[in-house]
Amino acid sequence: MKRIKIKELLASPEIESDVLVKGWVRTKRGNKNIAFIALNDGSTINNIQVVADTAKFDENLLKDITTGSCLSVSGKLIESQGQGQNIEIHAESIELYGKSDAETYPLQKKGHSMEFLREIAHLRPRTNTFGAVFRIRHAIAFAIHKYFNDKGFFYLHTPIITGSNAEGAGELFHVTTMDLANIPHNKDGSVDFNNDFFGKPANLTVSGQLEGELGALALSDIYTFGPTFRAENSNTPRHLAEFWMVEPEMAFYDNNDNMDLAEDFVKYLIRYALENCKDDLDFLNSIIDKGLLERLNFVLGNEFIRMTYTDAIKILIDSGKKWEYPISWGKDLQAEHERYLVEEHFKKPVILTDYPKDIKAFYMKQNDDGKTVRAMDVLFPGIGEIIGGSQREENYDALLSRIKELNLPEKDLWWYLETRKFGTAPHSGFGLGFERMIIFITGIPNIRDVIPFPRTPKNAEF
RNA sequence: UCCUCAGUAGCUCAGUUGGUUAGAGCGGCGGACUGUUAAUCCGUAGGUCGUAGGUUCGACCCCUACCUGGGGAGCCA
C-alpha cells in the first residue's frame with residue numbers, strides 16, 4: 001500500500017478504504033481498552049486520529065507510542081464516533097519507526113514559550129506554531145518566484161561571496177582561508193591578502209543589488225532572492241545576521257513604476273498566503289495574534305499612502321508631538337517617526353519618497369533640486385521599513401561625481417560604472433526583507449521565530 | 001552597542017524584613033477508568049536557586065563582575 005499524506009487524506013477521505021499513514025505522535029490518550037493517537041506528518045497543521053484497540057496490539061508497542069515517537073500506521077478510514085474530528089483511522093497494524101523517550105523529549109502536550117523553543121530549534125518544527133510558520137514561509141518563497149516568473153522577470157543568481165563592500169550597508173563578515181593564528185602583514189602593518197584564497201579581501205554579500213542592476217541592463221527585468229549577511233551587533237526582534245532578501249531590478253522603470261510594482265508585489269504575497277495557507281493562518285490568528293487576518297485583509301483592501309519625505313517632515317513637525325529624537329528636514333526618520341506616520345496619522349502602509357541625498361546611498365537617482373534622490377521606502381505597521389528602493393542613477397558623470405564626493409573606492413566599482421558608459425538606461429529596483437514579510441504575514445513578533453535556524457550575535461547553534 | 005527587566009524542578013512560575021528540611025501547576029513515572037480531544041481521578045520521583053567572587057554567625061534573598069534571555073533604542077531589510 002502506498003503511504004498517503006495526512007493533508008491529502010483529510011482533503012478527500014474515502015470512507016471504508018484502507019490507508020497507510022506515517023508521522024509523529026502529538027498526543028496519546030485513552031484507557032486500558034482503547035488508545036487515541038494524534039498523528040501529524042507536517043503536511044498540514046491538522047492531525048489524523050488513530051484509534052487502536054489495545055487488545056489487538058502488543059502492550060510494549062503501545063507503551064512505546066509516546067509524544068514525539070514516529071509511526072507507520074495502516075488501517076481502515078472510518079467516520080469518527082467521537083467529537084472533534086470527522087474521520088479517523090482504525091488501526092490494523094502499527095510499526096514503530098522511532099521511539100521518543102518521554103522522560104527526556106522536551107516537547108510536551110502543553111504550550112511552550114517561544115524562547116524555550118528557540119533553544120530546541122532542531123525540534124521546534126514539530127510544534128503547531130512552527131509547522132505553520134515554516135509552511136507559510138515556503139508558500140511565500142514559492143509565491144515570490146511565481147509572481148516574478150509570471151511577469152517575465154528572470155531569477156538572477158548574484159554572488160554570495162563578493163570582493164568589495166561598495167554598497168556600504170553595514171559591517172561585513174570576512175571570508176578567508178588564512179590561518180587566523182598567523183595572519184601575514186605588509187610592511188605598513190596592514191593585512192597581506194596576496195596569498196589569501198581570492199588574493200584580495202572578500203566578504204559575504206550584504207546585498208545583490210549592484211550585480212542585479214547588471215542583469216537588468218541586459219535582461220530588462222530580473223530579481224534576486226537569496227541570503228544576505230550583516231555583521232552588525234543588532235539585538236532586536238527585527239534583525240538577523242543572516243537573512244533573505246528579494247531584490248527586483250527593472251530597466252526602463254522610473255520610481256513611480258517602482259512603487260507600483262512594490263505595492264502590487266506585497267499585496268500579491270499577502271493574497272497568496274490568504275488563499276493558500278488558510279488552515280495555518282487561522283491557527284496563527286487564534287493562537288498568536290487575534291488581529292492577524294483582519295490586518296492582512298486591511299492592507300489588501302487599501303492603497304498605500306505615497307508622499308515625499310519633505311511632506312512627511314511637515315506632518316511630523318505639525319503634529320506637535322514631543323519626539324525623543326527631534327525631527328527636522330535632513331534628518332533620517334527614527335522608529336518613533338515612522339510609527340507615528342503609519343500607526344497613528346495614516347493608519348495604513350506608507351511609501352515615502354524623495355529623501356535627502358545625504359541620508360541615502362550613492363547609487364540613487366539625483367533629483368533636479370540638487371538636494372534629494374528618488375528613493376522610496378515602504379513602511380509597514382509593527383515592522384517599519386519593509387522595502388527600501390529607488391530609481392538608480394543612470395548618468396555616468398552624476399554617478400561618478402557622487403562616488404568621489406563620498407570617497408567610495410572608485411576602482412572597485414569599475415564594472416558598475418561601465419554599465420553607465422555602455423548603453424545606460426533608466427532603471428529602478430527595491431529590496432524586500434523576506435523575514436520581515438513573514439513576520440507581517442504570520443503575526444509572529446520575533447524575527448528569530450520565522451526562520452528555521454536564526455543567526456544572531458552570539459548564536460550560531462544548529 | 002546603550003537603557004531596562006529577568007534567570008529557582010524537564011516546562012511555566014511562587015518563594016515573606018537575610019534564619020531549620022526550597023513550593024505549586026503542567027509534564028514524567030506507577031495505578032484507576034469502555035470513545036478520548038491540552039481527557040479525568042489517585043499516588044509518586046524530580047533542585048549545585050545562571051556562573052564566579054564578596055558581605056554576613058547565616059544568602060534563592062544584599063553587593064560586584066560576567067554569561068544568557070525578554071522588552072525598548074541605535075544600525076538596517
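The values are calculated or read from the model by the stated rules, or taken from the named source; none is laboratory data. Values in this document were obtained by computation on a predicted structure and should not be read as measured data. Here the Cβ positions follow ideal geometry from the backbone for every residue, glycine too, while neighbour counts run over all protein chains shown. Side chains included, ligands, DNA and RNA excluded: accessible areas come from the protein's heavy atoms. Shrake-Rupley method; radii C 1.70, N 1.55, O 1.52, S 1.80 Å.
Taking the conditions (1) within 30 Å of A:Arg135 (Cα to Cα); (2) at pLDDT 95 or above; (3) open to solvent by 60 Å² or more (accessible area, probe 1.4 Å) in turn, A:Val266 satisfies each one other than (3). Within the set A:Met245, A:Met259, the sole residue that is in contact with a Lys or Arg (Cβ under 7 Å, 6 or more places away or on another chain), under 20 Å from A:Asp150 (Cα atoms) and within 16 Å of RNA strand B (Cβ to nearest atom) turns out to be A:Met259.
None of A:Glu232, A:Glu211 is at pLDDT 95 or above and within 24 Å of A:Asn407 (Cα to Cα) except A:Glu211. Residues satisfying the criterion are absent from the stretch A:102-111 (criterion: of a type in the set (Phe, Trp, Tyr), over 30 Å from A:Asn446 (Cβ atoms) and either out of contact with any Pro (no Cβ under 7 Å at 6 or more places or on another chain) or away from RNA strand B (no atom under 13 Å from the Cβ) (or both)).
Among the candidates A:Glu249, A:Glu232, the residue that is touching a helix residue (DSSP H, G or I) at 6+ places or on another chain (Cβ under 6 Å) and either open to solvent by 20 Å² or more (accessible area, probe 1.4 Å) or more than 22 Å from A:Gly382 (Cβ to Cβ) (or both) is uniquely A:Glu249.
For the stretch A:293-300, the criterion of being open to solvent by less than 20 Å² (accessible area, probe 1.4 Å) and over 15 Å from the mean Cα position of the chain (by Cα) is satisfied by at least one residue. Within the stretch A:17-28, if we keep just the residues that are within 13 Å of RNA strand B (Cβ to nearest atom) and touching a residue at least 40 places away in the same chain (Cβ under 8 Å), the residue that is surrounded by the most Cβ atoms within 10 Å (Cβ to Cβ) turns out to be A:Val25. A single member of A:Ile359, A:Ile444, A:Ile439 is more than 30 Å from A:Ser319 (Cα to Cα) and not polar (S, T, N, Q), and it is A:Ile444.
Among the residues of the stretch A:286-340, those that are of a type in the set (Lys, Arg) and either assigned to a loop (DSSP other than H, G, I, E, B) or out of contact with any strand residue (DSSP E or B) (no Cβ under 6 Å at 6 or more places or on another chain) (or both) comprise A:Lys290, A:Arg295, A:Lys314, A:Lys321, A:Lys322, A:Lys331, A:Arg339.
Looking at A:Asn46, A:Asn86, A:Asn60, A:Asn31, just one residue is out of contact with any Phe, Trp or Tyr (no Cβ under 7 Å at 6 or more places or on another chain) and within 9 Å of RNA strand B (Cβ to nearest atom), and that residue is A:Asn31. The criterion of at least 2 residues that are open to solvent by 10 Å² or more (accessible area, probe 1.4 Å) and over 23 Å from A:Leu172 (Cβ atoms) is met by the following helices (runs of 4 or more DSSP H) wholly inside the stretch A:357-462: A:396-405, A:414-421.
Those strands (runs of 3 or more DSSP E) of the stretch A:47-142 in which 2 or more residues are of a type outside the set (Lys, Arg) and either open to solvent by 60 Å² or more (accessible area, probe 1.4 Å) or free of Cβ contacts under 8 Å to residues at least 40 places away in the same chain (or both) occupy A:87-98. Regarding the stretch A:401-408, can at least one residue be identified that is within 14 Å of RNA strand B (Cβ to nearest atom) and either at pLDDT below 95 or not acidic (Asp, Glu) (or both)? The answer is yes; a qualifying residue exists.
Scanning the stretch A:328-353 for residues that are of a type in the set (A, V, I, L, M, F, W, C) and more than 11 Å from RNA strand B (Cβ to nearest atom) yields A:Trp329, A:Leu341, A:Val342, A:Phe346, A:Val350, A:Ile351, A:Leu352.
Scanning the stretch A:216-242 for residues that are in a loop (DSSP other than H, G, I, E, B) and within 13 Å of RNA strand B (Cβ to nearest atom) turns up A:Arg230, A:Ala231, A:Glu232, A:Asn233, A:Ser234, A:Asn235, A:Thr236, A:Pro237, A:Arg238, A:His239, A:Leu240, A:Ala241.
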